[in-house]
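All remarks here apply to the structure that follows.
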Amino acid sequence: MDFITQFPLSSNFDSILVVVDRFSKMAILIPTYSTITALDLAQIFINHVYSKHGLPISIVSDRGSLFCSSFWTQLFQQLKISRDLSTAFHPETDGQTERPGDKVWLASKNIKITRPTKKLSERWLVPFEVLKKIGSHAYHLKLPQQWKSALPVFHVSLLEPVKQSTILNQHQFPPPLVIMEEQEEWEVAQALDSKIKR
């Protein structure tokens, strides 16, 4: 939850309150004023967010005076909502930003793969480790030695974070990597089933 401010006046509004649902990624854009008080903000929150989507478990916002006011602190305590305040230049607070050491899947749509048809190739390639973030929309990945000619920087639209299993003590390991003729291949252990079409 944050404000976008300093817009030209439109229907007497000069700011937008942005509320993003971390699960569905749906954004709620609410026109407001730059001179809004904490009490007004609470009323807007109740009218536009709580009434339509219910009470959130936690809210991530910056350390603006409105979000740190004693009114909001009391409101959060009464409603039992966790408040996560971000710090300047650290967008990781929202839990949606990849950090060095995280694993991500890489989309195969821009990578030449030696398959007879693109339809048979994997949509997402082996999880790669994030080395560092480049700007706000790209990441530097640790690529295998066979890809030394490829640029290791990829746009976020080509990456998908590897999600950890929510089931306790369940681990899914990727199949072992086999290198044949300087190309990565997966070794088939066994055929589980077959069907003869007549």
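Since every read-out is calculated from the coordinates, none of them should be taken as a lab result. Nothing here was measured: the structure is a model prediction, and the numbers come from that model. Note: ideal-geometry Cβ built from the backbone for every residue, glycine included; neighbour counts use all protein chains shown.
Take the Cα of SER69, step 7 Å toward its Cβ, do the same at GLN190, and the gap between the two points is 6.7 nm.
Provide the percentage of antiparallel DSSP beta bridges, counting only those with both residues in the stretch 2-90; round to the nearest 5. Could the numbers behind the result be given before it?
Details: 11 of 15 bridges.
Bridges in the stretch 2-90 that DSSP calls antiparallel: roughly 75 percent.
Taking R0 as 22 Å, what's the FRET efficiency between ILE81 and ILE4 from their Cβ-Cβ distance, rounded to 0.05? All intermediate terms of the calculation are to be shown ahead of the outcome.
Working: r = 23 Å, r/R0 = 1.04.
Plugging the Cβ-Cβ distance into 1/(1 + (r/R0)^6) gives 0.45.
Straight-line cross-link reach from LYS103 at under 26 Å between alpha-carbon atoms covers these lysines, not counting any fewer than eight positions away in the same chain: LYS25, LYS112, LYS118, LYS119, LYS132, LYS133, LYS142, LYS148, LYS163. Binning the C-alpha pair distances of the stretch 2-90 at 10 Å intervals from 0 yields a P(r) profile of 15, 51, 31, 3 %, listed from the shortest bin outward.
When ranked by the protection proxy of mean other Cβ atoms within 10 Å per residue, highest first, what sequence do the peptides 38-49, 127-138 form? Numbers along the way, then the final one.
Values: 38-49: 15.7, 127-138: 13.8.
Listed from highest to lowest mean packing, they are 38-49, 127-138.
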